[in-house]
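> Got a structure here, written out as structure tokens. Questions coming.
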Amino acid sequence: MPLPSKAVFLPFVLSLALAVAACDNQQQQGAAPAAPPPPEVTVQTLATQTVPLYTDLPGRTAAYRVAEVRPQVSGIVLKRLFTEGSEVQAGQQLYQIDPSTYQAAVQSAMADLAKARATAKSVEAKAARYADLVKINAVSKQDYDDAVASLDQAKADIMVAQAAVDTAKINLEYTKVYAPISGRIGKSAITEGALVTANQTTPMSTLTQLDPIYVDVSQSSSDLMRLRQAVSAGLLQKGQADQAPVTLTLDGSTQAYKHNGQLQFADVTVDETTGAVQVRAVFPNPDKELYPGLFVRARVEQGVRENALLVPQRATVRLPDGSAAVWVVGADNKVATRPIQATQAVGDAWLVNSGLQAGERIVIEGLQKIRAGAEVRPVDPTAAAAPAGQAAPAAAGQK
């Protein structure tokens with residue numbers, strides 16, 4: 001049997017190859033992979049809550065009371081009656097100035113008083129006699145008037161002498177220098193044998209009361225005005241100024257001071273150079289842990305926001321114009337960006353002023369997986385943290 005020619009065999013082979021290729025394409029098209037599932041993201045359903053608002057302000061501690069001890073009379077210091085750096089009580093004697101000249105002044109003033117009283121006794125007797133004689137015209141009216149005037153002058157001399165005695169006794173008492181307040185006394189600027197003068201500019205020593213202690217902080221006037229506007233608009237409930245609690249953190253420490261303080265007052269003037277308002281709080285300091293001049297950070301409660309919405313800071317993103325936004329999951333589980341207004345941090349969250357409502361869901365984890373308009377599979381934080389192999393409950397609104 002003769003073999004077929006090449007002209008007949010070659011078209012047959014080509015048609016067979018095309019048929020096999022067409023079958024392979026149909027099989028590959030029928031076996032195309034399925035579309036990937038929506039990405040899983042962690043969402044948080046927003047709910048209103050009552051949030052106390054705090055402001056962290058830098059400041060410094062200041063002594064509750066400071067008294068500079070100065071002499072009120074001149075003389076030689078005979079004794080120093082305290083230990084430097086110790087606690088002293090109000091009224092405790094600190095120094096003894098030489099009292100000898102002041103004791104002599106007291107004795108001299110008392111002698112002048114006795115002399116004035118003796119003179120007044122003589123003039124008083126004379127005036128009494130003249131009062132009887134003038135009635136019978138035994139002395140002239142003028143002589144009687146002179147006797148009465150002399151009696152009045154003698155009484156005045158007694159008062160002057162008595163005042164001199166009192167002054168001399170006061171100066172004698174001033175030779176004992178007492179502590180004007182209770183507190184811790186510093187170093188002594190003078191020693192025994194030193195000469196001090198009345199009302200000298202250099203203090204003999206300084207007393208500082210450390211318990212309680214002041215904390216002076218500065219608040220921006222713009223923040224203060226914004227706070228007052230929020231109170232006026234009803235967005236913030238302002239507490240009593242004398243009941244506002246204040247907590248304290250020392251410089252270089254992460255732990256709060258163990259005693260809470262109270263806001264005492266806020267100044268009514270604004271510093272022209274810094275634009276800040278002075279605020280003062282008072283703290284108990286029974287263990288004398290705080291000293292004047294320490295740098296601290298005070299947290300002042302400034303009000304309470306009712307029906308507030310908090311958004312975790314990690315859930316916020318920045319739009320090209322620099323404004324803040326969050327990813328909101330709609331009822332169809334599709335995400336979209338939503339600009340928000342949030343100017344104040346509360347812990348690790350932002351306090352939202354506008355842009356969101358209670359009940360809406362926002363993405364807090366998995367932001368890198370999503371794009372605008374994409375469908376996601378939302379889970380709540382509890383479900384996201386479920387142990388491996390345990391079925392997580394479906395999030396609300398999930399399809």
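> Quick one: 3J(HN,Hα) in Hz for region 105-110, Karplus 6.51/-1.76/1.60 with θ = phi - 60°, rounded, Gly and Pro as x.
Per residue, the Karplus-derived 3J(HN,Hα) values read 5, 5, 5, 5, 5, 5 Hz.
> Continuing with the same structure: Placing unit charges on C-beta atoms (Lys and Arg positive, Asp and Glu negative, everything else neutral), compute the dipole magnitude of region 37-104 about its Cα centre in debye, rounded to 20. Provide the component values of the computation, followed by the final result.
Working: 5 positive and 6 negative charges, 78 e Å.
It comes to approximately 380 debye.
> Rank the residues 220, 188 as a footprinting-exposure proxy: fewest other Cβ atoms within 10 Å of their Cβ go first.
Lowest count first: 220, 188.
> For region 99-174, take every pair of Cα atoms, bin their distances at 5 Å starting from 0, and report each bin as a whole percent.
3, 18, 18, 14, 13, 9, 8, 7, 5, 3, 1, 0
> Could you list, in their original order, any pairs among 115/141; 115/169; 79/169; 135/155; 121/141; 176/258 whose Cα atoms are separated by more than 30 Å?
On the way: 115/141 28 Å; 115/169 18 Å; 79/169 20 Å; 135/155 24 Å; 121/141 21 Å; 176/258 40 Å.
Correct reply: 176/258.
> Follow-up. In a shell of Cβ-Cβ distance under 12 Å around residue 289, excluding residue 289 itself, what net charge do Lys and Arg (+1) and Asp and Glu (-1) give?
Neighbour charge sum, excluding residue 289 itself: 0.
> Around residue 174, what is the net charge, scoring Lys/Arg as +1 and Asp/Glu as -1 over all other residues with Cβ under 14 Å from its Cβ?
0
> Stretch residue 159-residue 146 to full length: gain in nm at 0.36 nm per residue minus the Cα-Cα span?
2.7 nm
> Enter the Cα centre distance for the pair region 103-117 and region 275-323, rounded to the nearest angstrom.
Each part's Cα centre sits 67 Å from the other's.
> Among rounded, prolate and oblate, which fits region 32-141 when a ≥ b ≥ c are the square roots of the eigenvalues of its C-alpha gyration tensor, a/c under 1.5 means rounded, and a/b larger than b/c means prolate?
Judged from the Cα gyration tensor, region 32-141 comes out oblate (a/c at least 1.5, b/c at or above a/b).
> Could you pull out every residue, at least 5 positions away or on a different chain, whose amide H is within less than 5 Å of the one on residue 257? Hs are placed 1.01 Å off N in the peptide plane, and Pro or chain starts have none.
248, 249, 250
> Would you mind ranking 57, 294 so that the residue whose beta carbon has the fewest other beta carbons within 10 Å leads the list?
Numbers: 57 21, 294 16.
The fewest-first ordering by Cβ neighbours comes to 294, 57.
> Choose one of 159, 108, 140: the residue whose Cα lies farthest towards the positive end of the charge dipole of region 99-174 (beta-carbon charges +1 Lys, Arg; -1 Asp, Glu; about the Cα centre).
Farthest towards the positive end: 140.
> How large is ³J(HN,Hα), in whole Hz, for each residue of region 205-220 in order, when computed from phi with the Karplus curve 6.51 cos²θ - 1.76 cosθ + 1.60 and θ = phi - 60°, using x for Gly and Pro?
Values, residue by residue: 6, 10, 9, 10, 8, 9, 10, x, 9, 8, 10, 9, 10, 10, 10, 4 Hz.
> Could you work out how much longer the chain between residue 291 and residue 98 gets when fully extended? Use 0.36 nm per residue separation minus the Cα distance between them, nm to one decimal.
Gain on extension, residue 291 to residue 98, equals 66.0 nm.
> With a 10 Å Cβ neighbour count serving as the proxy for reagent exposure, in which order, fewest first, do 258, 155 appear?
The most exposed by this proxy come first: 258, 155.
> Okay, moving on. Between residue 369 and residue 260, what is the FRET efficiency for a Förster distance of 41 Å, r being their Cβ-Cβ separation, to the nearest 0.05?
Details: r = 45 Å, r/R0 = 1.09.
Calculated transfer efficiency: 0.35.
Quick note: the coordinates plus some simple rules give every number you see, no bench work behind them. Predicted model, so just to flag it, every value in this text is computed and none were measured. All Cβ positions, even for glycine, are placed from backbone atoms using ideal geometry, and neighbour counts span all protein chains on display.
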